[in-house]
Structure formats: structure tokens, C-alpha cells
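The values are calculated or read from the model by the stated rules, or taken from the named source; none is laboratory data. These numbers come from a predicted model, not from an experiment. Cβ coordinates were reconstructed from backbone atoms using ideal geometry, including for glycine residues, and neighbour counts include every protein chain displayed. The area values use the complete protein model at the heavy-atom level, side chains included, leaving out ligands, DNA and RNA. Shrake-Rupley method; radii C 1.70, N 1.55, O 1.52, S 1.80 Å.
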Amino acid sequence: MIIELSVALVAIAFAVLVFFLIKTLKSAKDSLDKVSQTLVEVQKTMDELTYEVKTTVRHANEITADVQHKIQKIDPVIDSVKNLGDVMNELTLTVKQVSVTVIEKYRKSRELKERSKEVSIKEAPLTPAEERTVNSYDAIYAEKSPGKIATVLKGVDVAATLWKKFRH
């Protein structure tokens, strides 16, 4: 009877073991099914993302090519603007030099005029030729500033013309 009891106890223990083993295997199967389903969803998502990334990269490449093409078209304009800036700088320097020269000539003529007044030419007896020279000198330097401004503008115009010819 002990053997029968032992065999029955072993059969019951085996049945309980098989029951819990089946329960564990079903649980593991459910987990593996969920993992498999998650992997399928991840794969679909990756495929969609891969397509989107490829599309985005393609668009980025097109935009880059378009920007490079437009930059190549704008480069000559930028070079022209730079050259124009250089010309304007040089022209400004030239005008500055011309204006300094004109101002210096004006100062010298003014000083000369003031000195001539101090010497008082009218006190000394003049020959007719000297008198004509003094009168012509007075006539030239008696002009007011509009004549001098016109002279300065003509000088600037001449300098600009020379600069154009020099550049060509």
C-alpha cells in the first residue's frame, strides 16, 4: 500500500507540477506574443520613419542644391558691390585730396591778398603795365565764393572724369 500511495502522491505531484508548468508556459507564450506584436509595430514604425527620413533628406538635398545655385548667381552681384565699394573709397580719397588742395590754394591766395593789402600797392607809383596787372589781379580775386565753389565743383568733375578714365 505504501507503494500505491507513493505512486499516487507522485502522480498528484506530477499533475500539480504539470498544471503550474502549463500556466507558466502560457504566461511566457502570452509575453512572447506581446513582444512579437511590439516588434512588428516597431518595424512598421521604423519603415515609416525611414521613408520620412529619406524624403526629408531628399528635400534637404534639393534645397541645398537650389541654395548653392542661387549663391552662384548672387556671387557676381556681391563682387560688383565690393568693387563699387572699393571705387567709392578711392573716389572719396581722391575728392578729399582734391578738396585739401583747393583749400590750400584758397588759403594761399587769401594770404597773398592780405599781404598785398598790407604792402599797399596804391601808394607806390605804377607804370601803366603794372597798373593793368594789379587791376586784373584785383578783378580775379575780387570774385565772391560762388565762383570759387564753381571752380571746386569743376575740379571734382575733372577728378571724377580722370578717375573713370584711369579705371578703364
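Worth a mention:
- Scanning region 1-42 for residues that are open to solvent by less than 100 Å² (accessible area, probe 1.4 Å) and among the polar types (S, T, N, Q) gives SER6, THR24, SER27, SER31, SER36, THR38.
- Region 101-123, subset modelled with pLDDT of 85 or more and aliphatic (A, V, I, L, M), residue surrounded by the fewest Cβ atoms within 10 Å (Cβ to Cβ): ILE103
- Across region 75-86, the number of residues qualifying as loosely packed, with under 10 Cβ neighbours inside 10 Å and among the β-branched types (Val, Ile, Thr) comes to 1.
- Boolean, GLN37 is modelled with pLDDT of 95 or more and not aliphatic (A, V, I, L, M): yes
- Of the candidates THR64, THR133, the single residue that is assigned to a helix (DSSP H, G or I), out of contact with any strand residue (DSSP E or B) (no Cβ under 9 Å at 6 or more places or on another chain) and either modelled with pLDDT of 85 or more or of a type in the set (A, V, I, L, M, F, W, C) (or both) is THR64.
- For the residues VAL98, VAL81, the requirement of being over 30 Å from THR151 (Cα atoms) and of a type in the set (Val, Ile, Thr) singles out VAL81.
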